[in-house]
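S.K.: One structure is given below, represented as structure tokens, and several questions about it will come after.
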Amino acid sequence: MPASAEQSAAPFVPDGRTLPVLQEAVQRCQGCDLYQNATQAVFGELEIGAHAKKPKVSIMMIGEQPGDQEDRQGRPFVGPAGKLLDKCLEEADIDRRKVYITNTVKHFRWEPRGKLRIHKKPSMKEIHACRPWLDAELEAVRPKLIVCLGATAAQSLLGSSFKITQSHGKVQQTDGFPHCHSASVRHPPCQDRRRPGAGHQYFSG
């Protein structure tokens, strides 16, 4: 893709708006440069009802991007953040298998540090480029409630002026989408955090 070309996943998103069709197609996406250094695209996951033509989903959770483990396994929220999310969902008596879980950006953005692959926040250009996939997921799933897991996910839906420090835990109404709930829980300490308190924030139940 020429550097001057506008980056967008739109040409790679199929007309079919079913989760199996989208999940297969996302692996061919070259809508931004992130695919070049990622193991694979990591699409959203719904364990119960994913193959239904119109899956019944009450809650859709949106994070920032896949991490190292997600990139290797091809599933969202299976690393340290996923373990925290599982614990929060269990405490809230919510069955993760019935929740549609995805990320704003489908490829892992990282930088090398020795033998480690360190999480690097996606740029707004990359977030905008990947938005057609998120729109397709919203159309396929039609959730009753969207839970934005952190600032990047919230800003992708609610605009760049949204600040999770001011509005987390509040329900937001957005045009064309169900109600959005911004939620946060501090990410557990791990080796890819650059400073105390940096990084993702996740659902608090």
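S.K.: Note down all Cβ pairs under 6 Å where the first residue falls in segment 101-116 and is free of Cβ contacts under 8 Å to residues at least 60 places away in the same chain, the second is open to solvent by less than 50 Å² (accessible area, probe 1.4 Å) and among the charged types (D, E, K, R), and they're at least six residues apart or on different chains.
M.R.: Filtered contacts from segment 101-116: 101/45; 102/137; 104/64.
S.K.: What number of residues in segment 13-23 are open to solvent by 30 Å² or more (accessible area, probe 1.4 Å) and closer than 17 Å to residue 66 by Cβ?
M.R.: Count: 1.
S.K.: Would you pick out the residues in segment 28-54 that are under 15 Å from residue 95 (Cα atoms), in a loop (DSSP other than H, G, I, E, B) and either open to solvent by less than 90 Å² (accessible area, probe 1.4 Å) or aliphatic (A, V, I, L, M) (or both)? Please lay out each step first, then the result.
M.R.: So the first thing to find is which residues in segment 28-54 are under 15 Å from residue 95 (Cα atoms), and the list is 45-50.
This time we only want the ones that are in a loop (DSSP other than H, G, I, E, B), so: 46-50.
Of everything in segment 28-54, those that are under 15 Å from residue 95 (Cα atoms), in a loop (DSSP other than H, G, I, E, B) and either open to solvent by less than 90 Å² (accessible area, probe 1.4 Å) or aliphatic (A, V, I, L, M) (or both) turn out to be 46, 48, 49, 50.
S.K.: Return the total of residues in segment 92-112 being out of contact with any Asp or Glu (no Cβ under 6 Å at 6 or more places or on another chain), loosely packed, with under 15 Cβ neighbours inside 10 Å and not in a loop (DSSP other than H, G, I, E, B).
M.R.: Matching residues across segment 92-112 total 2.
For (1) at pLDDT below 95; (2) open to solvent by 10 Å² or more (accessible area, probe 1.4 Å); (3) part of a loop (DSSP other than H, G, I, E, B), each residue gets a yes or a no:
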site	(1), (2), (3)
56	yes, yes, yes
87	yes, yes, no
129	no, no, no
137	no, no, no
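S.K.: Let me ask another. Here is a check on your reading of the model: is residue 122 under 21 Å from residue 67 (Cβ atoms), modelled with pLDDT of 85 or more and open to solvent by 80 Å² or more (accessible area, probe 1.4 Å)?
M.R.: No; evaluated as a whole, the condition is false for this residue.
S.K.: To continue, here is another question. With the checklist (1) open to solvent by less than 60 Å² (accessible area, probe 1.4 Å); (2) at pLDDT below 95; (3) outside any loop (DSSP other than H, G, I, E, B) in hand, flag the one item residue 143 doesn't pass.
M.R.: Single failed check for residue 143: (3).
The values are calculated or read from the model by the stated rules, or taken from the named source; none is laboratory data. In this text, all values refer to a predicted model and were calculated from it rather than measured experimentally. So basically every Cβ, Gly included, is an ideal-geometry build from the backbone, and we count neighbours across all protein chains shown. We work out accessible area using only protein heavy atoms, side chains counted, and drop any ligands, DNA or RNA first. Shrake-Rupley method; radii C 1.70, N 1.55, O 1.52, S 1.80 Å.
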